[in-house]
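Structure first, commentary second.
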Amino acid sequence: MSEISNHHKEQAQKKLCFAIYICSTSRYYRQMEKNEPLLDLGGDIIQELIQTAGHVVMYKEILLDDKAMITKAFRDSLAIGDLDVVIFSGGTGIAPADVTIETVSPLLEKTLPGFGEFFRQISFNDIGSAAVLSCAIAGVAAGKAFFCIPGSPNAVKTAVEKLILPEAPHIIKHAREHQ
């Protein structure tokens, strides 16, 4: 890593506030039927990794794979002043019901294409050619970082440990320059 990159990372905010949205129609309805919080392994892994790294999870919710619900969560996140990073997990596949990527993409002010590229590269090393089915994006809006990742436990672990946690503070620093 270059000296300039290290300098930027050193100046970045150390403790971030996260929101986690699990986009899963089946989990959403199971949660509603039971009228109690539903355990979601992928979401629980995300929360644990974030907290272990010293950050704060301000908000965690299970959503339908629904454009209106995902859009509302995105827009609500913009209004939360202390929130830095938003992760949408699930609904990123190629099935017609998977709408997370298509919903979030147009709401981003800038995208970070390298996030999806590196996620698939890392995934390819782990799972082979099935990585081409992995849809993942990242970008910024209103000084906040947004990540859309698959919901499987291995995918969330890969994305959070290898990409989101190492770079989120650096992304936030640049997203908030001259705001």
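The values are calculated or read from the model by the stated rules, or taken from the named source; none is laboratory data. Remember, predicted model here, so these are calculated numbers, not experimental data. Just so you know, the surface numbers come from the protein's heavy atoms only, side chains and all, with ligands and any DNA or RNA stripped out. Shrake-Rupley method; radii C 1.70, N 1.55, O 1.52, S 1.80 Å.
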To the nearest 10 Å², what's Met69's accessible area with a 1.4 Å probe?
50 Å²
Rank these by accessible area, largest first, 1.4 Å probe: Arg30, Arg75.
Arg75, Arg30
Would you check the accessible area of Glu61, probe 1.4 Å, heavy atoms only, in square angstrom rounded to 10?
60 Å²
Mean accessible area per residue over the chain (1.4 angstrom probe, all protein chains present, square angstrom) is 53 Å²
Rounded to the nearest 10 Å², the accessible area of Asp44 at probe 1.4 Å:
50 Å²
At 1.4 Å probe size, with the rest of the protein present, what percent of the exposed accessible area of region 26-179 is carbon and sulfur atoms?
56 percent
From the helices alone, meaning DSSP H stretches of at least four residues, give me the mean residue ellipticity at 222 nm for the chain, per-run term -39500 (n - 2.57), in deg cm²/dmol to the nearest 500.
-13500 deg cm²/dmol
Considering amide H positions built from the backbone, and no H for Pro or chain starts, which residues 5 or more places from Val57, or on another chain, come under 5 Å of its amide H?
Phe18
What is the antiparallel percent of DSSP beta bridges lying wholly in the chain, to the nearest 5?
30 percent
For region 20-179, projected area of the alpha-carbon convex hull averaged over all directions, nm²:
9.1 nm²
Put Tyr29, Tyr21 in order of accessible area, largest first, 1.4 Å probe: what do you get?
Tyr29, Tyr21
Can you run phi through the Karplus equation (6.51, -1.76, 1.60; θ = phi - 60°) for region 145-156 and list ³J(HN,Hα) in whole Hz, with x for Gly and Pro?
9, 10, 10, 10, 10, x, x, 5, x, 5, 5, 5
